[in-house]
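Reviewing the structure listed below.
Coordinate-derived values only; no laboratory data. Note that the structure is predicted; figures quoted are calculated from it, not measured. With ideal geometry, Cβ positions are generated from the backbone for all residues, glycine too; neighbour counts draw on all protein chains shown.
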Amino acid sequence: MEKKQDLECSSAEVVDNSSNDKFQELLQTLEQVIWDGVPLVKYAGCWLQVNHLRPVLSSQKHFKAKDTDIILSTMPKSGTTWLKALTFSIANRNVFPIDQSPLLTSNPHMLVSFLELNVYWKQDNPNLENIPSPRIFSTHMHFKLLPDSIRESNCKIIYICRNPLDQFVSLIHFLSQKNFGKDPDPIAIDEAFDMYRQGIHAFGPFWDHILGYWNAYLENPRKVLFLKYEDLKEDITSQVKKIAEFMGFPFSQEEEEQGLIDQISGLCSFETLSNLAVNNTGNMEGRVKPNLFFRKGQVGDWTNYLTPAMTERIKKLMDSKFEGSGLRFKT
Ligand code: PAP
């Protein structure tokens, strides 16, 4: 049953209300479904886990982007961990030599925080002023949900997407393992697939997520860099150069000759990161095991999981949703 969405309800109004009433009122107006055992709500056309809505609203109200900020945007399972590692390494290459990189002792997610899953998850209005520039934050939010200051300032957005077939397969593996593999009833692939096709998954619909950033990139390529996971797999060197230039930290000729691009690419590679002790032990803030972010790291693993009928359906959906956009995926 479709419930009316109150898109006019401003985030400021909702999160300001200490009694919680406004927030509860807003929730009542939103369409809700259960996905993998958790409630998702449809806010401004975007599906969010219900517990992500408040931090999204808080970030919209309070986040003040600086011109020097770099915002990494992704749909889950599209290359977030990789992009965090690469951008952190590029920005901090003069602070930490490669062999002393914090990536050797910290999972990339502990070095670059999500606005809605970390920063505004813990506090409604944290003080972020003292974080040294460039501040790098990440988000899974749709472009249209981003805090206004991100769009209005001169900060930069780096988006990475992945072909939806692999993204979906990566997602279902993550879901089956996320509660330390102890989820008694993880969502079945067929059910997840049917919902995915309807755009119902955390931060879905996937086509709106991707097209939101694609169109923003077409409108202003100096503001938004649009990357594809498959391109990074194919030629990491040119992509790292491109990312560094976009960030405003281009590699000097001397750095290139010293092999710094290869060193950063090697440090951030699936092979290196997935074998580090830090990414194979313990858990992250009691929520997930770090090795969940490193499964296979391949292009085309979907062929091992999706039936021909499923593949055809998704490909048709992709054709219809991305038609005319100029966007193509390597699968
Ligand atoms: P997140 O959005 O939850 O942080 P994200 O990092 O986007 O997840 O996606 C995880 C996927 O990226 C995994 O893909 P797979 O399930 O198909 O294997 C993971 O293996 C892959 N991945 C993580 N780090 C790297 C890396 N350094 N290079 C290439 N792929 C990587």
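Worth pointing out:
- Placing dummy labels 7 Å off each Cα toward the beta-carbon, the span from residue 270 to residue 237 is 2.1 nm.
- Backbone N under 14 Å from the residue 249 label point (7 Å along Cα→Cβ), restricted to the range 219-240: 240
- The dipole here belongs to the chain: it is taken about the Cα centre, uses +1 on the Cβ of Lys and Arg and -1 on the Cβ of Asp and Glu, and is about 160 debye.
- In this structure, the pairs whose alpha-carbon distance is over 31 Å, taken from 77/223; 144/242; 289/316; 64/233; 122/316; 178/241, are 289/316; 64/233; 122/316; 178/241.
- Positive-end extreme of charge dipole, the range 105-174 - chosen from 128, 169, 118 (charges on Cβ): 169
- Electrostatic dipole magnitude of the range 207-268 [Cβ: Lys, Arg +1; Asp, Glu -1; Cα centre; debye, to 20]: 300
- Residues whose placed amide H lies under 5 Å from that of residue 113, excluding near-sequence neighbours: 138
- Using only side-chain charges placed at the Cβ, +1 for Lys and Arg and -1 for Asp and Glu, the dipole size of the range 109-186 relative to its Cα centre rounds to 180 debye.
- Charge dipole (the range 65-322, unit charges on Cβ, about Cα centre) - positive-most of 75, 90, 267: 75
- Full-extension gain in nm, residue 328 to residue 277, via 0.36 nm per residue minus C-alpha separation: 14.7 nm
- Linear extension gain, residue 312 paired with residue 95, 0.36 nm per residue minus alpha-carbon span: 73.3 nm
- Prolate/oblate/rounded label for the range 65-322 (Cα gyration tensor, a/c 1.5): rounded
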